[in-house]
1. Please verify whether the range 12-30 includes one or more residues that are near the ligand (Cβ under 9 Å from one of its atoms), part of a helix (DSSP H, G or I) and over 15 Å from the mean Cα position of the chain (by Cα).
2. Could you figure out which of (1) open to solvent by 80 Å² or more (accessible area, probe 1.4 Å); (2) in contact with a Ser or Thr (Cβ under 7 Å, 6 or more places away or on another chain) isn't true of residue 41?
3. From the set of residues in the range 64-108 that are touching a residue at least 60 places away in the same chain (Cβ under 8 Å) and in a loop (DSSP other than H, G, I, E, B), which is surrounded by the most Cβ atoms within 10 Å (Cβ to Cβ)?
Amino acid sequence: MPADFSGKWILETSEKFEEYLKALNIDFATRKIAISLSQTKVVTQDGDNFDFKTLSTFRNYELAFTVGVVLDEYTKGLDNRNIKSLVTWDKDMLVCTQRGEKANRGWKHWIEDDKLHLELTCEDVVCHQVFKRKE
Ligand code: VL7
C-alpha cells in the first residue's frame, strides 16, 4: 500500500519559512503576512494522481499532478514564476523538483506519526512544515 496523503491538514509548525520566502525574493510586507497565516492543505489522491490545495485567508494555491509526468507550473500568487515540475516517489515520499530560474528548488512530502510533513527548498534554504489532521 502506498502512502495515503489524502485529507485536510492544518499547519502546526513551520521552520525557516521566512528564509525560504526571502530566497524566492518575496518582498518584506508579503513575507510578514505570509508567515502569520494559518495554512490548510487539502489533498486528494487517486493512485498517482494528486491534487494539493494550499489554502489561507490571504491567498490560495492549487497544484494537480501525476507522479512521473513533467508539468508546466506557474506559481500564481506566490512568486509568479514559470517552472517545470516533476514529482516522483522515493519510497513513500513524494519528491518534486522545480526547474527554473531558482537553483535547487523543490519540495518533499511524507507522513510520519499521522502528521503531514513538507520540506520546501530553494537555493541553500530548507523550510520544514508539519501539518496535523483536521477532524
Ligand atoms: C507552498 C510557499 C510562498 C509567496 C503568499 C503566501 C500564501 C498560502 O508549493 C506549495 O505547495 C506544494 C507542496 O504542498 C504543492 O503545491 C505551496 C506554500 C507557499 C511560497 C510565496 C508568499 C505569498 C501561502 C498559499
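The values are calculated or read from the model by the stated rules, or taken from the named source; none is laboratory data. This one's a predicted model, so the numbers in the text were calculated from it and none came from an experiment. Positions of Cβ are backbone-derived with ideal geometry, glycine not excepted, and every protein chain shown enters the neighbour counts. To get the accessible areas, we keep the full protein, side chains included, count just its heavy atoms, and leave off ligands, DNA and RNA. Shrake-Rupley method; radii C 1.70, N 1.55, O 1.52, S 1.80 Å.
1. From the range 12-30, those near the ligand (Cβ under 9 Å from one of its atoms) are 17, 20-21, 24, 26, 30; that's our starting set.
With part of a helix (DSSP H, G or I) added as a condition, the list becomes 17, 20-21, 30.
Those still in the list that are over 15 Å from the mean Cα position of the chain (by Cα) too: 30.
Yes.
2. The failed condition is (1).
3. Of everything passing the filter in the range 64-108, 102 is surrounded by the most Cβ atoms within 10 Å (Cβ to Cβ).
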